[in-house]
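Input: a single structure, listed below in structure tokens.
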Amino acid sequence: MLARAPVSVLSICDHDTLRAYDDLADGGWSTGTPGSAAARPCLLPGVEVTARLPEREIHILGYFPDGLRPGFRAWIDEREADRRARVRAGVAALRNDGIPLRWADFDAEVGGGVPCRSHVARCLVRIGWPRNPETLYSGFMNRSRFAMTEVRTGEVIAAIRDGGGVAVWAHPPEAEVARHGARLVEEGLAGVEVFSPAVRGRRREVALELAQRHGLLLSGGTDSHGGARKRPGWYRVTAGQVSSELLPMAVGGMA
């Protein structure tokens, strides 16, 4: 399906893992260079890394127009292992509190992927717990059971930069831009995601204001977490909207 996606550039930014690119490499894809005669989109390697502010988590996108470096892959593997451990510890806490979530059901929901609280939420709904997101995430899956990452924003941004990538703030919340935007720029943030279904109205205006004030790059994407209606190409971001520094050379990136 990805090979036939109706887009010119495709970046798969999974949470805290680069496993998608291992799978694509087996299928003859190349990263950071054009596909064969418009048959395939050009791949822009990327990842969405969970990062810690003092009181909450945010997500930092790492884009790698020149390809992935082994050192960064080793670092992101550590983030993946930490995510697995934190989510599984949260499931164990639920079970210890008497919630009958079976390990077999959880493992089946995750499949071969990297676990997150959404997997847990779907398992809870299947055994009869409320579908209300507030009840699920702030109640059952609160931070007393599911710990936040300890990796701070500065470390994440530095790891992306040291790996030859560009650090971009994913779907920035309006309130957090006011509180932490300048600080993230000081830490080396290079861009901000402004073209996304999750960034609209005043939220987009605030993100654009941050970018303009600090000369940040502009990015965009679907923030799609799957689903039959959200196939590649369902939400379009044009090359003219995205800063050229984020694109592979083959599709207009700068030297």
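The values are calculated or read from the model by the stated rules, or taken from the named source; none is laboratory data. Computed from a predicted model, the values in this text were never measured in an experiment. We place every Cβ from the backbone using ideal geometry, glycine too, and count neighbours over all the protein chains shown.
Identify, please: which residue in the stretch 20-57 is outside any loop (DSSP other than H, G, I, E, B) and at pLDDT 90 or above and is, among those, farthest from F146 (Cα to Cα)? Looking at the filtered set, the residue picked out is G46. Determine whether the stretch 126-140 contains at least one residue that is in the same structural domain as D66 (by TED's automatic domain parsing) and acidic (D, E). No, the conditions are met nowhere in the stretch 126-140. In the stretch 86-98, the residues that are in a helix (DSSP H, G or I) reach residues that are among the aromatic types (F, W, Y) with C-beta atoms within less than 7 angstrom, at least six apart or across chains, in these pairs: R86/F146; V87/F146; G90/F146; V91/F106; L94/F140. Based on what the data block shows, is T153 surrounded by fewer than 20 Cβ atoms within 10 Å (Cβ to Cβ) and either of a type in the set (S, T, Y) or touching a residue at least 60 places away in the same chain (Cβ under 8 Å) (or both)? The answer is no for T153. Within 17 Å of D16 (Cβ to Cβ) and either in a loop (DSSP other than H, G, I, E, B) or in contact with a Ser or Thr (Cβ under 6 Å, 6 or more places away or on another chain) (or both): does that describe P172? Here the answer is no, as P172 does not meet what is asked.
Whenever a residue of the stretch 115-126 is assigned to a loop (DSSP other than H, G, I, E, B) and at pLDDT 95 or above, it has no partner that is of a type in the set (D, E) and buried (at least 17 other Cβ atoms within 10 Å of the Cβ) lying with C-beta atoms less than 8 angstrom away and at least six residues away or across chains. Looking across R161, R202, one residue alone is among the basic types (K, R), closer than 28 Å to R69 by Cβ and in contact (Cβ under 8 Å) with a residue 24 or more places away in the chain. It is R161.
Okay, residues lined up against (1) modelled with pLDDT of 80 or more; (2) under 16 Å from the mean Cα position of the chain (by Cα); (3) not assigned by TED's automatic domain parsing to the domain that holds I12:
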position: G220; (1), (2), (3): yes, yes, no
position: P232; (1), (2), (3): no, yes, no
position: G240; (1), (2), (3): no, no, no
position: L247; (1), (2), (3): no, no, no
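If we keep just the residues of the stretch 106-135 that are among the hydrophobic types (A, V, I, L, M, F, W, C) and farther than 20 Å from A147 by Cβ, which is surrounded by the most Cβ atoms within 10 Å (Cβ to Cβ)? Among those that are among the hydrophobic types (A, V, I, L, M, F, W, C) and farther than 20 Å from A147 by Cβ, it is W129. Looking at V194, V151, V251, just one residue is at pLDDT below 95, in contact with a Lys or Arg (Cβ under 8 Å, 6 or more places away or on another chain) and closer than 30 Å to G71 by Cα, and that residue is V194.
Conditions (1) among the hydrophobic types (A, V, I, L, M, F, W, C); (2) over 22 Å from D22 (Cβ atoms); (3) under 23 Å from the mean Cα position of the chain (by Cα), marked per residue:
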residue	(1), (2), (3)
R79	no, no, yes
D82	no, no, yes
R102	no, yes, no
D105	no, yes, no
E109	no, no, yes
F140	yes, yes, no
M148	yes, yes, yes
E155	no, yes, yes
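On the given criteria, is G165 assigned by TED's automatic domain parsing to the domain that holds V47, surrounded by fewer than 17 Cβ atoms within 10 Å (Cβ to Cβ), at pLDDT 95 or above and closer than 26 Å to L210 by Cβ? Answer is no for this residue.
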